[in-house]
Each structure stands twice: as structure tokens, then as C-alpha cells.
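Notes to accompany the following structure.
The values are calculated or read from the model by the stated rules, or taken from the named source; none is laboratory data. Just so we're clear, the structure is a prediction, and the values are computed from it rather than from any experiment. So basically every Cβ, Gly included, is an ideal-geometry build from the backbone, and we count neighbours across all protein chains shown. The area values use the complete protein model at the heavy-atom level, side chains included, leaving out ligands, DNA and RNA. Shrake-Rupley method; radii C 1.70, N 1.55, O 1.52, S 1.80 Å.
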Amino acid sequence: MKLATLNDGSRDGRLVVVSRNLAHAAPAPHVKTLQAALDDWDGIAPELEALSARLNQGMIAGTLAFTAQDCLAPLPRAYQWADGSAYVNHVELVRKARGADMPPSFWTDPLMYQGGSDTFLGPTQPIPLADEAWGCDLEAEVAVITGDLPLGCSPAQAGQAIRLLLLVNDVSLRNLIPNELAKSFGFFQSKPSSSFSPCAVTPDELGAAWDGGRVHLPLLSQINGVALGRPDAGVDMTFDFPTLIAHAARTRALGAGAIIGSGTVSNRGADGGPGKPVDQGGAGYSCLAELRTIETLQQGKPQTPFLKRGDRVRIEMLDAAGQSIFGAIDQPVDG
């Protein structure tokens with residue numbers, strides 16, 4: 001099933017079940033918010049699944065027309081937002097851009113940071129940018145929402161607790177990152193509010209593209225209508241979602257509604273190198289930092305600017321039939 005949160009004027013919105021073709025929606029009858037559904041998933045999910053089946057069969061009269069413009073993030077705020085960096089190729093490239101070494105442990109021990117989860121952006125909400133000198137960048141990712149998990153859970157336990165998947169634009173202010181990391185205390189100002197796809201979907205909606213740990217489909221990103229990337233989210237993902245979740249729960253329990261991100265989806269080139277831009281026949285990139293690194297390696301300096309006011313970012317994933325799975329993140333950059 002596909003779930004979304006409509007903006008009804010309240011802080012946490014109104015939970016709806018969305019048709020598979022993203023055309024119609026029906027309010028959840030006995031629960032108002034997605035967090036409330038996650039808190040009692042075993043009791044609520046069967047009711048939502050039954051509603052989804054009736055909706056997709058055209059058996060519900062008076063459904064709502066569904067549009068991304070009416071949506072908040074599926075979870076407008078969450079108890080936990082922890083973003084991994086499962087595509088180590090991406091880590092290697094962005095560190096190279098900063099002149100930082102790549103420790104060998106990064107291939108065996110996941111990177112993860114705890115982001116701000118109190119003010120997520122909806123799929124069409126503008127990215128606020130007070131100063132273009134901060135170097136605003138998109139980061140196209142996949143994420144999962146979990147149920148309750150105990151401290152020290154195994155990857156197998158973690159996999160069983162994956163409730164929903166969704167897409168993320170993990171906005172980064174690249175020019176603020178080096179000074180923050182130099183303090184050896186992690187990201188804060190350089191990681192403003194992230195944006196999420198209109199819908200969060202249960203794993204079965206992905207069919208054979210979901211193997212229990214990875215999504216084997218291209219993640220499409222555009223800037224101003226021009227393709228930036230189409231890397232396959234199932235390729236070059238060093239750490240799968242159960243591994244990332246277990247890493248997050250190593251020293252703490254995770255509450256229902258925890259969001260765990262994959263990090264920027266990134267594919268190596270066919271020759272094992274950093275890959276080519278889309279206009280050169282490659283899979284491209286899910287963030288500008290990677291493209292700028294390639295430009296620096298090839299031309300001595302970056303050629304593509306970071307995002308500026310008036311730019312528009314689009315992130316989407318299509319199924320084998322070309323149907324949008326989650327709906328699109330499609331948002332302008334605004335001052």
C-alpha cells in the first residue's frame with residue numbers, strides 16, 4: 001500500500017491511503033496520523049491494507065483527488081532521522097573533493113549522522129536558502145521507516161521491522177561542511193531540513209525490485225528539467241538497510257517511526273571508476289558534489305554551480321512499467 005499525509009492545517013497532517021496509480025486517496029478511518037499507525041502497526045496495518053485493496057479496485061465512492069501539492073512529508077516530524085552513507089563510492093568522491101583521506105574502515109563500518117527531524121519539508125515545499133554562498137546541494141536517497149527495535153538488534157531483526165520505504169532529498173550546504181567537520185563534532189548547520197516524497201510505501205509495492213535490503217531500480221534526479229542522475233539504488237550499496245538499521249541500534253533502541261536513510265545513491269562507472277555524467281552515457285550523479293568532483297578531476301576545477309534561488313529539483317523512482325512509485329519530490333529553491 002501507499003500512504004501519504006495531507007496538509008489539513010495541523011502540525012502532523014491527515015493520513016490517507018493512496019491508489020497505486022497515485023490518482024486517488026482515501027482517509028484512514030480510525031487513525032489520524034502516520035505516526036499513530038506506526039505506533040500500533042500490527043493492529044492498524046491490516047485495516048489500511050484492506051482500504052488500499054478497495055481503493056485500487058475502485059470500490060470506494062467519493063475519493064479525494066491526490067496531488068503532491070497537498071502533501072506534507074509522510075512523517076512531517078519524526079522521533080529519529082539517521083542518515084547513513086551506504087554508497088561508499090559517494091563518500092570517496094566527496095572526500096576527495098575536500099582533500100580528505102579515505103580511511104579503509106569506511107568499507108566495513110557504516111557512516112551515519114543524526115539529522116534534524118522536527119521540521120521536514122514536504123515534496124513540493126521550497127528549499128529555503130538564505131545565502132547562495134553556502135553551497136546548496138541536493139542529495140537523492142532512499143530511506144526506510146522502522147517499527148520498534150530493541151537495543152543491539154541483529155540485521156535480521158532490523159529487516160523484519162522495515163515498515164515503509166520513501167525517497168529523500170537530504171539537502172546539504174556544502175560550503176559549511178568543512179568548517180563544521182573540522183570541529184570534530186559532526187554536521188549541524190550544514191544539514192538543514194530534508195525533503196521527502198509524497199508517499200511512503202510498503203515493501204510489497206516494489207515487487208521483485210525489493211530484495212529485503214536494497215531497491216533495485218534507478219533513482220532519477222533532475223535540476224531545471226535536465227537529468228543529473230539515474231544510478232541504480234541496488235548497485236554499489238555497500239551496506240544494505242538491515243545493516244544500517246542494526247548499526248543505528250547498536251547502543252540504543254529505535255522507536256516506531258525511526259527513519260533511516262541510505263545516503264546519496266551512487267554508482268561506479270563500468271570501468272570501476274567514478275562514473276560518467278548522463279549526457280556522456282553514464283548513470284550520472286545524485287548530488288552536485290559528485291559532478292563537481294568529476295569536473296575537477298577532468299578539467300582542473302568544478303564547472304557546475306551549486307543550487308541557486310529559482311532552481312528546481314526533481315527526484316523520482318519509476319517501476320518497470322514507468323509508473324511513479326512514491327510520487328516525485330519536485331521543489332524550487334527559494335530565499
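Brief remarks follow.
- Taking amide H as placed 1.01 Å from N in the peptide plane, the amide H of residue 8 sits under 5 Å from that of 13, 14, each at least 5 places away or on another chain.
- With 10 Å bins beginning at zero, the pair-distance distribution over Cα atoms of region 116-173 amounts to 17, 39, 25, 16, 3 %.
- With all protein chains kept in place, the per residue accessible area of the chain amounts to 42 square angstrom at a probe of 1.4 angstrom.
- Structural descriptor for the chain: relative contact order 22 percent, calculated from alpha carbon pairs under 8 angstrom and at least 6 residues apart.
- Heavy-atom accessible area for residue 148, with the other protein chains in place and a 1.4 Å probe, reaches approximately 100 Å².
- Surface share of carbon and sulfur [accessible, 1.4 angstrom probe, percent] for the chain: 51 percent
- Share of alpha-carbon pairs per 5 Å distance bin for region 198-303, given as whole %: 2, 11, 17, 20, 17, 13, 10, 6, 3, 0
- Applying a threshold of 27 Å to the alpha-carbon distances of 96/276; 276/308; 32/191 flags 32/191 as lying beyond it.
- Between residue 318 and residue 296, residue separation times 0.36 nm minus the direct Cα-Cα distance comes to 4.8 nm.
- Listed peptides 218-229, 130-141, 254-265 by packing density, highest first (mean Cβ within 10 Å): 254-265, 130-141, 218-229
- Measuring spread by the Cα atoms of the chain yields a radius of gyration and Dmax of 19.1, 61 Å.
- With loop membership from DSSP and a limit of 15 other Cβ atoms within 10 Å, the longest segment of the chain without trypsin sites (Lys or Arg not before Pro) is 12-182.
- The mean of 1/r over all pairs of different alpha-carbon atoms in region 1-140, once inverted, gives a Kirkwood hydrodynamic radius of 17.9 Å.
- Degrees separating the helix 288-299 axis from the principal Cα axis of the chain, which is the longest one: 20 degrees
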